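Participant: Supplied in structure tokens, the structure appears directly below.
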Amino acid sequence: GYLLAGDYIQLGGGSSATLHKVLQNVDSNASGQATIELWPYVRTSPADGATILVSNAQGVFRLTSNQADWSINSASVYGISFAAVEAVA
């Protein structure tokens, strides 16, 4: 039960950070090794022993346009929406 389906993990850091969703529950062996099914697929293999962040995972994204929509309802609840895509080098 180390990772659960729907959890997010981060591979890499800084401008090369990628965000991935865990697709199935993950258990590790006594050595801490595990096989993780991710979406989207990993484009470059991390080095052996590379750090995987499981808390406050982040990725690098760009806005698809300069448009952002906002709303407010009668209970003074604000909302904002925008479209973004992963920034791939």
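Participant: Please list, by residue number, every one of the trypsin sites (Lys or Arg not before Pro) in region 1-66 that is coil in DSSP and has at most 16 other beta-carbon atoms within 10 Å.
Facilitator: Listed in order of number, the matching sites are R43.
Participant: Can you tell which of G14, G79, G49 shows the greatest fluctuation in a Gaussian network model of the chain with Cα springs below 10 Å?
Facilitator: In the Gaussian network model the winner is G79.
Participant: Then there's this: Chymotrypsin sites (Phe, Trp or Tyr not before Pro), restricted to region 16-75: which are DSSP loop and have at most 12 other Cβ atoms within 10 Å?
Facilitator: Y41
Participant: With a ≥ b ≥ c the root eigenvalues of the C-alpha gyration tensor of region 12-60, is it rounded (a/c under 1.5), prolate (a/b larger than b/c) or oblate?
Facilitator: In terms of gyration-tensor shape, prolate.
Participant: Just to be sure I understand: with springs between alpha-carbon atoms less than 10 Å apart, which residue in A57, A75, A47 has the highest mean-square fluctuation in the Gaussian network model of the chain?
Facilitator: A75
Coordinate-derived values only; no laboratory data. From a predicted model like this one, the values you see are computed outputs, not experimental measurements. Note that each Cβ is placed from the backbone with ideal geometry, even for glycine, and that neighbours are counted across all protein chains shown.
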